[in-house]
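**Q** Before I ask anything, here is the structure I am working with.
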Amino acid sequence: MNTKDKLFKLNISEDDTCYICGMNSESIDHIFFGCHYIKATILHVGAWIEIRLPFRDVLRWRLEKMGTRVQKDIQNATLNACVYHIWRQRNLSRHDLTLLHPQKLALLIIEELRLRIEGMDKRKLHASDKQWIQRLLQC
Ligand SMILES: [Zn+2]
């Protein structure tokens, strides 16, 4: 199915130009796989959480998360935070508000995740999970 695009056809979007980069049609494919701004953000966050999948495979990240249950939960929270913040940036751009630099957006996402991780009860975690979490909190 041609995805040019449901957002436009459903009147979620007033025209089909990407609000973030202003250079391409705002299709689902562009937002999550093609937009250089989003690609830069997700690659930065992915490096933090030690996921180095090719960007094109970012949705596989959800399906094929690696590691223990705790690591999978944190990876899932990370992907959800990326989707939320990317969509929020898209909507801020739509209303002509300032778009954060991709690296700043990535740092905002990472900081939010760090706060959530710090709030976790870590007493019953396996030592390897504790070490992995400690690395996430430090870098
Ligand atoms: Zn774009």
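**Q** Within 10 Å of each residue's Cβ, count the other Cβ atoms and sort 112, 26, 118 from fewest upward.
**A** Least to most surrounded, the residues fall as 118, 112, 26.
**Q** Provide the net charge surrounding residue 133, with neighbours chosen by a C-beta distance below 14 Å and charges set as Lys +1, Arg +1, Asp -1, Glu -1.
**A** Around residue 133, the surrounding residues sum to +4.
**Q** In nanometres, what is the gap between the two model label sites at residue 125 and residue 28, each 7 Å from Cα along Cα-to-Cβ?
**A** If labels sit at residue 125 and residue 28, their model points lie 3.4 nm apart.
**Q** What is the gain in length, in nm to one decimal, between residue 68 and residue 17 on full extension, counting 0.36 nm per residue of separation less the C-alpha to C-alpha distance?
**A** Extending this stretch completely gives an extra 14.3 nm.
Every read-out reported here was derived from the displayed coordinates using simple, explicitly stated rules and does not represent laboratory data. Remember, predicted model here, so these are calculated numbers, not experimental data. Methodologically, a virtual Cβ is constructed for each residue, glycine included, from the backbone with ideal geometry; neighbour enumeration extends over all protein chains shown.
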